[in-house]
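First the structure, in the form of structure tokens, and then the observations on it.
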Amino acid sequence: MSHASFSLSRRGLLLGLGATFVLGSSRLALAQAAGERRLVVVLLRGAMDGLFVVQPYADPNMAELRAPLLLPEPGQEGGLLDLGGRFGLHPALAELHALYRQDQALILHAVAGPYRSRSHFEAQDLLEGGAEQRLTSGWLNRALQAMPAANGQARTGLAVGTGVPLLLRGPAQVGSYAPPGLEQPSPDVMHRLAALQQADPLLGPVFQEGLRARGYAADRLGQGAEPERNGFLRLAAAAGRLLAQPDGPRVAALEIGGWDTHAQQINRIQQPLQALDSGIAELRRNLGAAWADTAVLVVTEFGRTARANGNRGTDHGTGGVAFLLGGAVAGGRVLADWPGLTRDGLLDNRDLRPTTDLRAIAKALLRDHLRLPGRAVAQAFPESGAVQPLRGLVRA
């Protein structure tokens, strides 16, 4: 297994916010915290279609709304992976399904943040900021401020890469250094550029040839090319190795793009799903025994429309899916206050109606997993007193 191309001193990791590494549009940021419990947050940028990845095949309205995007039911060839009789997991997520069967994966459906924005940039900022308006700090950074300094070290940190995600920005002072050669365009960006140039008889062929010369296969750009998969895999492996160290970081944030599937969704989503699945497996393998003390929260900025569009894809929506994985998770379940896919059940007759606030999930992890006091949880998510942490998400 190849390793991420970076170097970081042990002293740098012990400073606090440890590092940011970038490969393609996959990113990793690390932070120090006291104790043995690890928390990893994986941001799926581009809005993963939860209704496609975790299909409610038992809902009688599913076929009418999504005929072009239906996968065979569990037990059939190429079918969904069973999640207890009502829901099925996309077959590309075999490693995640294995965690589900080991009671180490919890699937939360019909979830969303408190905002109702269909702008990627605004929704991502609100998701990471943890509030109903844009903030300059992230909820995880604010939570870490309330924790005692780890190993007697100050919280001043070092970021290596092109930047720290908003999720981990805030009062903790973070230095930054961008080593050359790590950043490269994401496959999704390259796909869009190729589409813009396709009709030009002069630039189109030249652009396609240039992409092939740099390892982007033209017929796979829309599926999320291999560099994206390898980037997330390498960063997840690096995160696992660093988090497993006795004096290493205890908090990590990773991100992976490629989820904005407006057209040909069945093909385009395959590579991001495989990247996520293999990355989670590498994270677990490299954590080793520390996996037992780990919770991994996988979230996206919003879901997608309940109806398929005319391009066999989906558009920006509201309710979606979150995953909670790890040895510390009380898994083997799908948690869903299911609103149904009827005209009255949908939000604005358009989107899956959210019934669970993402903040209730994150608050539960801060309180019950990282064991932060109530004041720290309130500081992480301001003006959200009415949103109570969900109970029973992690093992006692």
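The values are calculated or read from the model by the stated rules, or taken from the named source; none is laboratory data. All of these numbers come straight from a predicted model, not from anything done at the bench. Reconstructed Cβ throughout: ideal geometry from the backbone, glycine too, with neighbour counts over all protein chains shown.
H316 passes all but one of (1) under 21 Å from G113 (Cβ atoms); (2) touching a strand residue (DSSP E or B) at 6+ places or on another chain (Cβ under 6 Å); which number fails?
(2)
Of everything in region 368-382, what is closer than 22 Å to R395 by Cβ, touching a helix residue (DSSP H, G or I) at 6+ places or on another chain (Cβ under 6 Å) and outside any helix (DSSP H, G or I)? Give them in sequence order.
Across region 368-382, the qualifying residue is only L372.
If a residue must be out of contact with any helix residue (DSSP H, G or I) (no Cβ under 7 Å at 6 or more places or on another chain), at pLDDT 85 or above and more than 28 Å from A292 (Cα to Cα), how many such residues does region 223-268 contain?
Residues that pass the stated criteria total 2.
Within the group R343, R391, R353, which residue is within 19 Å of V111 (Cα to Cα) and touching a Ser or Thr at 6+ places or on another chain (Cβ under 9 Å)?
Values: R343 fails: touching a Ser or Thr at 6+ places or on another chain (Cβ under 9 Å); R391 fails: touching a Ser or Thr at 6+ places or on another chain (Cβ under 9 Å).
None of the other options fit; the residue is R353.
So which pairs qualify, if the first residue must be in region 290-306 and assigned to a strand (DSSP E or B), the second must be surrounded by fewer than 21 Cβ atoms within 10 Å (Cβ to Cβ) and acidic (D, E), the Cβ gap must be under 8 Å, and the two must be at least 6 apart or on different chains?
Pairs found: R304/D315; T305/D315.
In a helix (DSSP H, G or I), in contact with a strand residue (DSSP E or B) (Cβ under 8 Å, 6 or more places away or on another chain) and not polar (S, T, N, Q): is that true of L390 in this structure?
Details: in a helix (DSSP H, G or I): no; in contact with a strand residue (DSSP E or B) (Cβ under 8 Å, 6 or more places away or on another chain): yes; not polar (S, T, N, Q): yes.
Taking the combined requirement at face value, the residue does not satisfy it.
All but one of (1) assigned to a loop (DSSP other than H, G, I, E, B); (2) among the basic types (K, R); (3) within 16 Å of the chain's Cα centre (by Cα) hold for R284; which doesn't?
R284 satisfies all of (1) assigned to a loop (DSSP other than H, G, I, E, B); (2) among the basic types (K, R); (3) within 16 Å of the chain's Cα centre (by Cα) except (1).
When you check V321 against the structure, is it surrounded by fewer than 24 Cβ atoms within 10 Å (Cβ to Cβ) and either touching a strand residue (DSSP E or B) at 6+ places or on another chain (Cβ under 6 Å) or assigned to a strand (DSSP E or B) (or both), yes or no? Please lay out each step first, then the result.
On the way: surrounded by fewer than 24 Cβ atoms within 10 Å (Cβ to Cβ): no; either touching a strand residue (DSSP E or B) at 6+ places or on another chain (Cβ under 6 Å) or assigned to a strand (DSSP E or B) (or both): yes.
No.
Being part of a helix (DSSP H, G or I) and either among the acidic types (D, E) or touching a helix residue (DSSP H, G or I) at 6+ places or on another chain (Cβ under 9 Å) (or both) is the filter here, so list the residues in region 111-123 that pass it.
Let us first name the residues in region 111-123 that are part of a helix (DSSP H, G or I), namely 120-123.
If the condition is that a residue be part of a helix (DSSP H, G or I) and either among the acidic types (D, E) or touching a helix residue (DSSP H, G or I) at 6+ places or on another chain (Cβ under 9 Å) (or both), then E122 is the only one that fits.
Using the structure shown, decide if V42 is β-branched (V, I, T) and at pLDDT below 95.
On the way: β-branched (V, I, T): yes; at pLDDT below 95: yes.
For V42, the condition - β-branched (V, I, T) and at pLDDT below 95 - is met.
Scan region 79-98 for residues that are on the phi < 0 side of the Ramachandran plot, out of contact with any strand residue (DSSP E or B) (no Cβ under 9 Å at 6 or more places or on another chain) and part of a loop (DSSP other than H, G, I, E, B) and report the count.
Qualifying residue count, region 79-98: 1.
Which condition breaks for L126 when tested against (1) assigned to a helix (DSSP H, G or I); (2) farther than 18 Å from V42 by Cα?
It fails just one condition, (2).
Just to be sure before I move on: is A360 among the small types (G, A, S), under 20 Å from the mean Cα position of the chain (by Cα) and within 16 Å of V54 (Cα to Cα) in the structure I sent?
On the way: among the small types (G, A, S): yes; under 20 Å from the mean Cα position of the chain (by Cα): yes; within 16 Å of V54 (Cα to Cα): no.
No; evaluated as a whole, the condition is false for this residue.
Just to be sure before I move on: is W291 among the aromatic types (F, W, Y) and under 14 Å from the mean Cα position of the chain (by Cα) in the structure I sent?
Working: among the aromatic types (F, W, Y): yes; under 14 Å from the mean Cα position of the chain (by Cα): no.
Judged against the criteria, W291 is not a match.
Name the residue, out of L81, L108, that is within 24 Å of E301 (Cα to Cα) and either buried (at least 16 other Cβ atoms within 10 Å of the Cβ) or in contact with a helix residue (DSSP H, G or I) (Cβ under 9 Å, 6 or more places away or on another chain) (or both).
Numbers: L81 fails: within 24 Å of E301 (Cα to Cα).
It is L108.
When region 41-78 is examined, which residues are found to be in contact with a strand residue (DSSP E or B) (Cβ under 8 Å, 6 or more places away or on another chain), surrounded by 14 or more Cβ atoms within 10 Å (Cβ to Cβ), assigned to a loop (DSSP other than H, G, I, E, B) and on the phi < 0 side of the Ramachandran plot?
Correct list: R45, M48, D49, P56, Y57, L70, L71, P74.
Scan (1) under 17 Å from the mean Cα position of the chain (by Cα); (2) modelled with pLDDT under 95 for the single condition R375 breaks and write down its number.
(1) is the only condition that R375 fails.
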